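Working notes, beginning with the structure itself.
Derivation of every value follows stated rules applied to the coordinates shown; laboratory data play no part. Everything quoted here is computed from the prediction, not taken from an experiment. Backbone-built Cβ (ideal geometry, glycine too); neighbour counts: all protein chains shown.
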C-alpha cells in the first residue's frame, strides 16, 4: 500500500516571528519513504533542522511579516495491516523496566498523574495487568469522553478532560496516558497522520491525529483511545511525554492561522 500524506498551513504574521515545526515523517519510517515530505515555505526562508530530546526531527524558521504558506506532500509505503494486537503482552515490574522508559512514568504538562492516581486505582485496580489493563483504560476513556472539534482548546489537560467528559483526540490520549502511568505502565504521546483507510463513510474532516504507545512485553505498542479499534495506515510524525513536546507549529509571537489542510490518502 502507498499513502500520500501532506499539509498546507497558512499563517498571517504581523512581524518577523520565530517558529519551531514538528511536521515531517518520523525517522522510523525512513525506509518506507518513496517521496520525502520536505517542508516548503512561501516565501522561501532558511530552514534549520535539529533533533529534539526525544529523537524527533524538527525545523526552525523565522517567518517574515505577512502571509506565510507552509506545505509538504510526501508518499510513503505501508504494510496495509491494522495496528498490532498482542493480548498476552505482560506488564513489567518497575524495577525491570529499561531506563529509557522511566521518563514516561512521570507526570507532564498535560498528564497530571498526581491528581489522577487515586481515580486510576479505583477504576483499574481489579483489571488484569498487561495488555488487558491498557485496553480497559482505552475502553473507559473511549466511553467517558465525547468527541467534538468544538471542545478543542490548547490548555485542556487530562484531569480537565476527565472532569468535563469531552475533547478531541489529544485529550483521549492524554487521559489514557495519565491512567497508564498511574498504573505503573510507561506511556508516551504520538502525533501523526491517520486517514480513513479501511473505514466506512461518511468521513470526518481530516486533521493531524493523536494516539499513544504503551510499553509492554519488551516493546512499545500502539493504542488509540479515541477510535478504540485497530486502524490501518498510521504514519508517525513525532512522540513525547504529551502534546507539549510535539507541537505541529510553535510560534513565538502573535499570528493568525488563516488556513489549515491535511491529507492522508491511499494511492495506487
**Item:** R0 of 45 Å, Cβ-Cβ distance residue 184-residue 1: FRET efficiency to nearest 0.05
**Value:** 0.75
**Message:** Testing the spin-label approximation: label points 7 Å from Cα along Cα→Cβ at residue 229 and residue 30. State their distance in nm.
**Reply:** 3.6 nm
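For residue 62 and residue 267 in one chain, what is 0.36 nm times their gap in residues minus the Cα-Cα distance, to one decimal in nm?
Values: separation 205, 0.36 × 205 = 73.80 nm, distance 3.43 nm.
That pair, residue 62 and residue 267, stretches by 70.4 nm at full extension.
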**Request:** Among DSSP beta bridges whose residues both lie in the stretch 94-231, state the antiparallel percentage, nearest 5.
**Result:** 85 percent
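What percent antiparallel are the DSSP beta bridges of the chain, to the nearest 5? Intermediate results must be reported in sequence, preceding the final value.
Working: 58 of 60 bridges.
If I count the DSSP bridges inside the chain, around 95 percent turn out antiparallel.
Mind giving me the FRET efficiency for residue 54 and residue 219? R0 is 22 Å, r the Cβ-Cβ distance, nearest 0.05 is fine.
Working: r = 17 Å, r/R0 = 0.77.
My answer for the efficiency is 0.80.
Please report the relative contact order for the chain, taking Cα pairs under 8 Å with a sequence separation of at least 6, and give it as a percent rounded to a whole number. Write out the running numbers ahead of the final one.
Numbers: 585 pairs, mean separation 80.8, N = 268.
Normalised by residue count, the contact order of the chain is 30 percent.
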**Item:** Most mobile listed residue (172, 203, 189) in the chain, GNM with C-alpha springs under 10 Å
**Value:** 203
**Request:** Could I have the simple spin-label model distance between residue 144 and residue 47, label points 7 Å from Cα toward Cβ, reported in nm to one decimal?
**Result:** 4.0 nm
**Item:** Simple label model, 7 Å out from Cα along Cβ direction - residue 40 to residue 102, nm
**Value:** 4.7 nm
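With a/c under 1.5 counting as rounded, go ahead and sort the stretch 75-228 into rounded, prolate or oblate using the C-alpha gyration tensor (a ≥ b ≥ c being the square roots of the eigenvalues; past the cut-off, prolate if a/b is larger than b/c, else oblate). Don't skip to the answer; put the middle values down first.
Numbers: a/c = 1.72, a/b = 1.19, b/c = 1.44.
Cα axes put the stretch 75-228 in the oblate bin.
Does the stretch 213-268 classify as rounded, prolate or oblate by the C-alpha gyration tensor (a ≥ b ≥ c root eigenvalues; a/c under 1.5 gives rounded; else a/b over b/c gives prolate, otherwise oblate)? Spell out each step's value before the answer.
Values: a/c = 2.74, a/b = 1.41, b/c = 1.95.
Note, shape of the stretch 213-268 comes out oblate.
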**Message:** Output the 0 to 90 degree angle, nearest 10, between the alpha-carbon long axis of helix 169-182 and the longest principal axis computed from the alpha carbons of the chain.
**Reply:** 40 degrees
**Fill in**
So the angle from the long Cα axis of helix 113-124 to the longest Cα principal axis of the chain, reported in degrees to the nearest 10, equals 50 degrees
**Message:** Between 0 and 90 degrees, rounded to the nearest ten: what's the tilt of helix 131-144 against the longest Cα principal axis of the chain?
**Reply:** 70 degrees
**Request:** For the chain, just say rounded, prolate or oblate: build the C-alpha gyration tensor, square-root its eigenvalues into a ≥ b ≥ c, call rounded for a/c under 1.5, and beyond that prolate if a/b exceeds b/c, oblate if not.
**Result:** prolate
